[in-house]
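Have a look at the structure below before the remarks.
The values are calculated or read from the model by the stated rules, or taken from the named source; none is laboratory data. Computed from a predicted structure; not experimentally measured. Cβ sites come from the backbone with ideal geometry, for glycine too, and all protein chains shown count toward neighbours.
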Amino acid sequence: MSAALASGPMAGDSAVALDGVARRFVTPAGDVLSALEDFDLSIAPGEFCAIVGPTGCGKSTTLGLIAGLARPQAGSVRVFGAPVSGVDRRVGFVFQQDAVFPWRDVLANVSAGPRFRGVGRSRAEEEARDWIDRVHLRGFEKSLPHQLSGGMRKRVALAQTFINKPEILLMDEPFSALDVQTRELMQEELLQLWSANRAAVLFVTHDLDEAILLADRVAVLTSRPARVKSVHAIDLPRPRAIATLRYDPRFIEIARLIAEDLRAEVLKARAAH
Amino acid sequence: MANVATLPTARAPDARSPAPEPLRIESLADRQRRRRRLVLALRLAVLVFLVGGWELGVRAGAIDPFFFGQPSAIADKLVDWSVNGTSIGPLWWQVGVTIYEAGAGFLIGAVLGVLCGIALGRNALLADVFSIYIKVANSIPRVVLGSIFIVALGLGSPSKIALAVVMVFFVVFANAFQGVREADKNLIANARILGATRWQITQAVVIPSALSWILASLHVSFGFALVGAIVGEFLGAREGMGLLIATAQGAFDANGVFAAMIVIAVVALLAEGLLTLLENRLLSWRPEKSAGE
Ligand SMILES: Nc1ncnc2c1ncn2[C@@H]1O[C@H](COP(=O)(O)OP(=O)(O)OP(=O)(O)O)[C@@H](O)[C@H]1O
Ligand SMILES: [Mg+2]
C-alpha cells in the first residue's frame, strides 16, 4: 500500500490501469493478428476482478502485459500509476500451465521467490514452511512436484506466489485443471489468503460460477480482438460460502445476466472461425 | 509367511492359479526375476554361440586365422600382454596413456562445450553470429585434424588430447545449445516473475533443464574421445593403445588387433557405467527414474 501512495497523486486510484492498449502478433504466414485492440480496464487496490471471455480472445495476453512479460504496440499499461517497463516486484503471477520447478522439492519451490530476491536460506525456508502450512502441504516439504497430485502442485504454485506478498495478483485459469471438489477447496483457500493479504487480483477463468463466487467485479471480454464488453459488479456479501452460494437467487440472477452477455461473444467468436 | 515359504514348490502354473492374493503378488515378482535370468542366460548363449562358432570355424579350416584371428589365440594374447607386457611396453601403461588422453580431452571438450553451448543458447546475437561457423566446423570430418595436430603439437599426448577435445566439443556443444533453447518458456517466465535475475534464471532454470540433454551427449562423447585419442596414436605416437594396434597391424597380427579392441571396449564400458551413475544422481528428480526404482 505504501508503495502505491508513494508513486504520485494520481497513482493511488488504481492498482492496474490499461488505457487504449493494443497487442498484435505476426502470424507464421506473415499476417498481423490483433489480440487486443483499444483495451481499457482498471482495477482498484485490493479489488478482486474476474475476467471471462471466449477462448483465444486475449486473456492470457492481457495478464502478460500487466506482468511486464510483453509490451503493448499501442496504449499504456500502468501499475500503481507507473508505466510497466519490465517485471515488477509487486506483481505475482499464477500461470495457466504448471510452472513449478520440477527439479526442486516443495520447500525449494516455495522459497524460490525470497531466495531470488536475496533473502538468506534459513529465513527464506522458515517463511516457506509457514506458507506450506497455510496451503495445507505440511509433511510434503521434501516431495518433488511429480510426486504430488495436480491440486497439490497448484497449491505449491499458490504458496510460491503468495510468499512474495504481491500487491497485484494475476491468476490465469489457476483451477481449471482440477476436479470440482478440489476446486471448491482451492477457491475457499484463495479467498482466505486474499482476505488476509488484500492484493488486487485479476482472475481469468472460463467458469462463470467461479468468477461470480470469487470476484467483486466480472469483466466480460469480446471475441478477438478483445475489448472489455461489459463490467458487472457482484454485490454478494462477504465472506461468501463457496459451497452453497450458487443456489442463492441473487447469484442465479447475476449468473444469467453475465451468461447472456458472454454467450453472444462466444457465438461471435465461433462464427469467425 | 507360510505362503512365501511354500512359494518355491508352487512354481508350476497349475499349482499357482488358485493361490490367494499375497502369493499372486509374490509370484509376479518371481516371474520378473525369472525373466531376467532367462534374458541373461540367452545373452550368454548368443556369446558362446558366436565365439564358439568362430573358434570352431577356425579349427575346421573355414575361417583363416591369419586375417580374422582366433578367440583362443586372442585370449592367449591378452594373458601374454598382461603377464609379459606388449612389444611397446607394459599393457597397463598403454591403457593408462590412452585413458589419460581420452579423459583429459573429454573433460576439456565437455567443459568448453557446455560453457559455449549455454553462452550461445542464452544470447541470441552470439548465436546468430557463430552458428554458421559451428555448422561448417561440424560438417568437416574432424578426425582429419589429427594429422595437423601431430604436425603442430608433436608425437606426445597434447596432440591426442587436442583431437579428443575437438571430437567431444561439438557434440556436447550442440546438445547444450539445444537444451538451453528447449528450456520451458513458462518456467523462465515464472522465475522472472518470482524475482530472478538473468544469471539466476540461467542457474535455476536453464542449466537444470539443459542437464538431461548435456548428460545424454556425454554418453556418446566419451566414445568419441576414445576414438580421438586412439586415431591420434595411430597416426603417430610413442605409446598408447592406438600405437599397439598400429604395431599389431604392421606385424600382420590379427589377434593383437582384436585383443587391443577388447581392452578398449572394457574401458569404454566402464566409463559408460560411471556416466550412468552420474546421470542417475544428477537427474534423480525425473519421474521415470524413481518409477523404475
Ligand atoms: N506469441 C504469440 N504469437 C502469435 N500469436 C499469439 C501469441 N500469443 C498469443 N497469440 C494469439 O493471441 C490470441 C490470444 O491468445 P491468449 O493466449 O491471450 O488467449 P486466451 O484468451 O488466454 O485463451 P484461453 O482462454 O484459451 O487461454 C490467440 O488467438 C493466440 O493465437
Ligand atoms: Mg489463456
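Quick one: which residue in A:Arg123, A:Arg138, A:Arg129, A:Arg134 is more than 14 Å from chain B (Cβ to nearest Cβ) and in contact (Cβ under 8 Å) with a residue 24 or more places away in the chain? After ruling out the rest, the residue left standing is A:Arg134. In the set (1) surrounded by fewer than 17 Cβ atoms within 10 Å (Cβ to Cβ); (2) within 16 Å of ligand 2 (Cβ to nearest atom), A:Val52 fails one condition alone, (1). Candidates A:Met171, A:Met152: the one that is away from ligand 1 (no atom under 16 Å from the Cβ), touching a helix residue (DSSP H, G or I) at 6+ places or on another chain (Cβ under 9 Å) and either of a type outside the set (Gly, Ala, Ser) or modelled with pLDDT under 90 (or both) is A:Met152.
In this entry, B:Ser212 passes the filter for residues that are part of a helix (DSSP H, G or I) and surrounded by fewer than 19 Cβ atoms within 10 Å (Cβ to Cβ). All of (1) more than 29 Å from B:Ser212 (Cα to Cα); (2) not in a loop (DSSP other than H, G, I, E, B) hold for A:Pro114 with one exception: (1). Scanning region A:9-62 for residues that are away from ligand 1 (no atom under 16 Å from the Cβ) and under 24 Å from A:Lys268 (Cβ atoms) yields a count of 2. Flag: A:Ser60 does not match the condition of being assigned by TED's automatic domain parsing to the domain that holds A:Asp13, touching a Gly at 6+ places or on another chain (Cβ under 8 Å) and hydroxyl-bearing (Ser, Thr, Tyr). Among all residues of region A:127-141, there is none that is surrounded by fewer than 23 Cβ atoms within 10 Å (Cβ to Cβ) and within 16 Å of ligand 2 (Cβ to nearest atom). Residues of region A:129-181 that are aliphatic (A, V, I, L, M) and assigned to a strand (DSSP E or B): A:Ile168, A:Leu169, A:Leu170, A:Met171.
When you look at A:Glu210, is it within 16 Å of ligand 1 (Cβ to nearest atom), part of a helix (DSSP H, G or I), more than 14 Å from chain B (Cβ to nearest Cβ) and acidic (Asp, Glu), yes or no? Yes; evaluated as a whole, the condition is true for this residue. Residue under question is A:Phe95, and the condition is that it be of a type in the set (Phe, Trp, Tyr), within 16 Å of ligand 2 (Cβ to nearest atom) and not assigned by TED's automatic domain parsing to the domain that holds A:Asp209; does it hold? Considered against the rule, which asks whether it is of a type in the set (Phe, Trp, Tyr), within 16 Å of ligand 2 (Cβ to nearest atom) and not assigned by TED's automatic domain parsing to the domain that holds A:Asp209, A:Phe95 comes out as yes. Screening region A:70-111 for residues that are part of a strand (DSSP E or B) and within 8 Å of another protein chain (Cβ to nearest Cβ) and picking the one that is nearest to A:Lys154 (Cα to Cα) gives A:Phe93.
Identify, from the list A:Lys165, A:Lys154, the residue that is farther than 25 Å from A:Gly56 by Cα and within 19 Å of the chain's Cα centre (by Cα).
Only one candidate passes the filter, namely A:Lys165.
One residue is enough: does region A:174-185 have a residue meeting the conditions assigned by TED's automatic domain parsing to the domain that holds A:Asp40 and touching a residue at least 60 places away in the same chain (Cβ under 8 Å)? Looking through region A:174-185, at least one residue is assigned by TED's automatic domain parsing to the domain that holds A:Asp40 and touching a residue at least 60 places away in the same chain (Cβ under 8 Å). Meeting the requirement of 3 or more residues that are within 14 Å of chain A (Cβ to nearest Cβ), the helices (runs of 4 or more DSSP H) wholly within region B:157-201 are B:185-194, B:198-201. In the set (1) under 20 Å from B:Gly113 (Cβ atoms); (2) among the β-branched types (Val, Ile, Thr); (3) touching a strand residue (DSSP E or B) at 6+ places or on another chain (Cβ under 6 Å), B:Ile193 fails one condition alone, (1).
Scanning for something surrounded by 14 or more Cβ atoms within 10 Å (Cβ to Cβ) and within 30 Å of B:Asn255 (Cβ to Cβ), does region B:117-134 turn up at least one residue? The answer is no; no qualifying residue exists.
Residues that are outside the structural domain of A:Ala108 (by TED's automatic domain parsing), farther than 25 Å from A:Arg90 by Cβ and within 16 Å of ligand 1 (Cβ to nearest atom): does region A:191-207 have at least one? Taking every residue of region A:191-207 in turn, at least one turns out to be outside the structural domain of A:Ala108 (by TED's automatic domain parsing), farther than 25 Å from A:Arg90 by Cβ and within 16 Å of ligand 1 (Cβ to nearest atom). Annotation note: of A:Pro28, A:Pro72, A:Pro102, A:Pro83, the sole residue that is under 15 Å from A:Arg227 (Cβ atoms) and either away from ligand 2 (no atom under 16 Å from the Cβ) or not assigned by TED's automatic domain parsing to the domain that holds A:Phe140 (or both) is A:Pro72. The listed residues are A:Ala259, A:Ala243, A:Ala211, A:Ala200, and the only one of them that is under 14 Å from the mean Cα position of the chain (by Cα) and either exposed (fewer than 14 other Cβ atoms within 10 Å of the Cβ) or away from ligand 2 (no atom under 16 Å from the Cβ) (or both) turns out to be A:Ala200. Going by the conditions given, is B:Ala260 more than 30 Å from A:Val119 (Cα to Cα), in contact with a Gly (Cβ under 9 Å, 6 or more places away or on another chain) and either within 14 Å of chain A (Cβ to nearest Cβ) or not in a helix (DSSP H, G or I) (or both)? No.
Close Cβ contacts (under 7 Å, 6 or more residues apart or on different chains) running from residues in region B:192-207 that are more than 13 Å from A:Ala108 (Cβ to Cβ) to residues that are basic (Lys, Arg) comprise B:Gly195/A:Arg89; B:Gly195/A:Arg117; B:Ile201/B:Arg192; B:Thr202/B:Arg122; B:Val206/B:Arg122. Evaluate the following for B:Ile140: is it under 26 Å from the mean Cα position of the chain (by Cα) and surrounded by fewer than 22 Cβ atoms within 10 Å (Cβ to Cβ)? Spelling it out, B:Ile140 is indeed under 26 Å from the mean Cα position of the chain (by Cα) and surrounded by fewer than 22 Cβ atoms within 10 Å (Cβ to Cβ).
Pick out the one residue from B:Ala248, B:Ala271, B:Ala265 that is crowded, with 19+ Cβ neighbours inside 10 Å, modelled with pLDDT of 90 or more and within 15 Å of the chain's Cα centre (by Cα).
Exactly one residue qualifies, and that residue is B:Ala271.
Taken over region B:226-244, the residue count meeting the criterion of being assigned to a helix (DSSP H, G or I) and surrounded by fewer than 24 Cβ atoms within 10 Å (Cβ to Cβ) is 4.
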